[in-house]
Amino acid sequence: MKRREFIIGGDPVQLGIVASFNRPGGNITGINIFTSEMGAKRLGLLHEMVPNASLIAVLINPKNPNAEMLSKEIPEAARSVAQRIHILTASTERELDAAFKTMTELRAGALLVAADPFFNSRREYIVALAARHGVPAMYEQREFALAGGLMSYGTNLPHAYRQAGLYTGRVLKGEKPENLPVIQSTEFEFVINLNAAKALGIEVPPGLSASADEVIE
């Protein structure tokens, strides 16, 4: 039987990849990098950045396996901070354009872009749309902030990849993947782009700035 490892952004148990985190089974194990599960945390940080936003738009790719989970988790998080949200969906560039048009019509005060490979592949396009529409946006990866996005919060990917490399080494030395617990990332990074904030006319709250792992100036 072929031994396999994975790096995944969703819950591997819910997705049916492993039996449990401690005992994966099925001759497979890997790293859970918590991309989708961080939606509530990202919404909370965005709410702190733009507390006066009466409505926050949430952009989700309906083709993502975690779309249903996100559509339940994020509204629950919004209710906990008394924040109104509106979920928009897109899986193509044309649908991205339409989503931003709708967001403008709704007068959304901010945007949360859900974790998704398609959105990652269109990083610069989405950041440019957000800038064009003048909307503060929260993303999952540091690369969005580096590309000009306002802020990001997510797993420290280099650290996660190092963990994956260590597991690969252990498997190559003879350990069985099904006996290796699924590693859950413990290192996250919060990035704020002050240049983007200035362009949007946003004064970053001192407490939020102090909590950032990286501030781009």
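A few notes on this one:
- Matching strands (runs of 3 or more DSSP E) fully within the range 108-217 where at least 2 residues are in contact with a Ser or Thr (Cβ under 8 Å, 6 or more places away or on another chain) and at pLDDT 95 or above: 137-139, 188-193
- Residue under evaluation residue 137, criteria (1) in contact with a helix residue (DSSP H, G or I) (Cβ under 9 Å, 6 or more places away or on another chain); (2) over 18 Å from residue 202 (Cα atoms); (3) surrounded by 14 or more Cβ atoms within 10 Å (Cβ to Cβ), criterion not met: (2)
- Test: residue in the range 155-163 that is crowded, with 24+ Cβ neighbours inside 10 Å and within 22 Å of residue 62 (Cα to Cα): no
- Unique residue being among the small types (Gly, Ala, Ser) and more than 15 Å from the chain's Cα centre (by Cα) when the list is 130, 145, 137: 130
- Inspection of the range 42-63 identifies at least one residue that is of a type in the set (D, E, K, R), within 30 Å of residue 205 (Cα to Cα) and under 13 Å from the mean Cα position of the chain (by Cα).
- Scanning the range 173-201 for residues that are surrounded by 15 or more Cβ atoms within 10 Å (Cβ to Cβ), touching a residue at least 40 places away in the same chain (Cβ under 8 Å) and out of contact with any helix residue (DSSP H, G or I) (no Cβ under 7 Å at 6 or more places or on another chain) gives 178, 182, 184, 188, 196, 197, 200.
- One residue from 147, 197 being touching a Lys or Arg at 6+ places or on another chain (Cβ under 7 Å) and of a type in the set (A, V, I, L, M): 147
- For the condition part of a loop (DSSP other than H, G, I, E, B), surrounded by 17 or more Cβ atoms within 10 Å (Cβ to Cβ) and over 15 Å from the mean Cα position of the chain (by Cα), residue 99 does not qualify.
- Under the condition of being at positive phi and polar (S, T, N, Q), the residues counted in the range 101-150 number 0.
- Options 146, 112, 150; residue that is touching a Pro at 6+ places or on another chain (Cβ under 6 Å) and touching a residue at least 60 places away in the same chain (Cβ under 8 Å): 150
- Among (1) without any contact (Cβ under 8 Å) to a residue 12 or more places away in the chain; (2) closer than 21 Å to residue 53 by Cα, the one test that residue 170 misses: (2)
- Here the range 1-40 is the region considered, the condition is being charged (D, E, K, R) and in a strand (DSSP E or B), and the residue that is modelled with the lowest pLDDT is 5.
- Flag for residue 91 being of a type outside the set (D, E, K, R), over 30 Å from residue 180 (Cβ atoms), surrounded by fewer than 13 Cβ atoms within 10 Å (Cβ to Cβ) and touching a Lys or Arg at 6+ places or on another chain (Cβ under 9 Å): no
- Scan of the range 41-70 for residues that are under 20 Å from residue 192 (Cβ atoms) and either assigned to a helix (DSSP H, G or I) or of a type in the set (Asp, Glu) (or both), ordered by number: 41, 42, 43, 44, 45, 46, 47, 48, 49
The values are calculated or read from the model by the stated rules, or taken from the named source; none is laboratory data. The model shown is predicted, which means the values in this text are computed figures rather than measured ones. For neighbour counting, all protein chains shown are included, and Cβ atoms are generated from backbone atoms with ideal geometry for every residue, glycine included.
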